[in-house]
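The structure appears below as structure tokens.
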Amino acid sequence: MTKHLWDRYEKAWLADLPRAIFEGRIIVIETVPEAQKAVRYLLAQPLLGFDTETRPTFRPGPMNEVALLQVATRDTCFLFRLNRIGAPEPVVNLLSDNRVRKVALSWRDDTHQLQRRASFEMGEFIDLQDYVRAFGIEDASLQKLFANVFGRKISKSQRLSNWEADVLSEAQKLYAATDAWACLRLYEELERLKQTHDWELKKHEETIS
């Protein structure tokens with residue numbers, strides 16, 4: 001069955017979509033030994049989804065440093081609490097690795113922020129904002145891209161929560177894991193469509209008119 005993709009997805013269309021959530025294991029990393037073990041596991045995987053979270057600032061001034069690095073496989077997501085452990089060697093090794101395929105969204109911004117924690121050369125990442133242009137998709141937000149490709153909605157309710165809290169809530173952990181996993185799933189599905197050619201682009205302006 002041919003999958004229809006929109007060149008631009010209307011925000012209003014999100015309202016009635018079913019919610020997409022990560023249903024796998026979520027493992028919070030709060031020590032360097034835990035980070036070493038997690039990175040060994042992650043560097044043995046074929047594909048990883050990445051995202052970050054930062055405690056928001058509600059007044060003019062410099063941004064806070066990245067508090068959380070999320071790295072997901074199909075069924076497991078590790079949440080590295082960088083506000084607790086900084087950017088230790090295993091985390092830098094993961095970020096600078098060029099062997100494992102890694103997918104993220106708007107990664108240039110995240111790269112700049114992560115390099116505030118440590119000086120290192122970022123490895124090669126597939127940025128979905130660039131990748132979707134080959135399909136004629138103009139949207140840049142993860143929420144719209146996921147809805148466009150899968151017909152499901154990612155909640156953004158925790159985006160402005162405190163990512164430096166002593167204990168992350170279950171809602172925060174699920175939100176963070178879902179975003180990293182969603183990057184991986186989008187790439188997998190778009191790669192499949194690219195190979196099968198089983199998709200068709202629908203023009204937003206033509207439909208509205």
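The values are calculated or read from the model by the stated rules, or taken from the named source; none is laboratory data. Note that the structure is a prediction, hence the values are computed from the model and not measured. Please note: Cβ atoms are built from the backbone with ideal geometry, for glycine as well, and neighbour counts cover all protein chains shown.
Run Thr57 past the list (1) over 19 Å from Asp109 (Cα atoms); (2) modelled with pLDDT under 95; (3) of a type in the set (S, T, N, Q) and report the number of the one that doesn't hold. For Thr57, the failing item is (1). Considering only the range 6-56, state which residues are acidic (Asp, Glu), touching a residue at least 40 places away in the same chain (Cβ under 8 Å), surrounded by fewer than 19 Cβ atoms within 10 Å (Cβ to Cβ) and within 24 Å of Ala147 (Cβ to Cβ). Within the range 6-56, Asp7, Glu10 meet the criteria.
Can you say whether Tyr187 is in contact with a helix residue (DSSP H, G or I) (Cβ under 9 Å, 6 or more places away or on another chain), modelled with pLDDT of 95 or more, within 19 Å of Phe78 (Cβ to Cβ) and not β-branched (Val, Ile, Thr), as far as the supplied structure shows? Yes: the conditions hold for Tyr187.
Would you confirm, using the coordinates I've provided, whether Ala180 is out of contact with any His (no Cβ under 9 Å at 6 or more places or on another chain), in contact (Cβ under 8 Å) with a residue 12 or more places away in the chain, loosely packed, with under 13 Cβ neighbours inside 10 Å and part of a helix (DSSP H, G or I)? It is false that Ala180 is out of contact with any His (no Cβ under 9 Å at 6 or more places or on another chain), in contact (Cβ under 8 Å) with a residue 12 or more places away in the chain, loosely packed, with under 13 Cβ neighbours inside 10 Å and part of a helix (DSSP H, G or I). Scanning the range 92-116 for residues that are farther than 18 Å from Arg55 by Cβ, charged (D, E, K, R) and touching a residue at least 24 places away in the same chain (Cβ under 8 Å) yields Asp97, Arg99, Arg101, Lys102.
Among the small types (Gly, Ala, Ser) and modelled with pLDDT of 95 or more, is that true of Ala118? Let's see the steps before the verdict.
On the way: among the small types (Gly, Ala, Ser): yes; modelled with pLDDT of 95 or more: no.
Taking the combined requirement at face value, the residue does not satisfy it.
Where residues in the range 145-177 are within 28 Å of Gln195 (Cβ to Cβ) and in contact with a strand residue (DSSP E or B) (Cβ under 9 Å, 6 or more places away or on another chain), which of them is surrounded by the fewest Cβ atoms within 10 Å (Cβ to Cβ)? This residue is Arg152.
If you take the residues in the range 1-20 that are of a type in the set (A, V, I, L, M, F, W, C) and part of a loop (DSSP other than H, G, I, E, B), which one is farthest from Lys202 (Cα to Cα)? Selected residue: Ala20.
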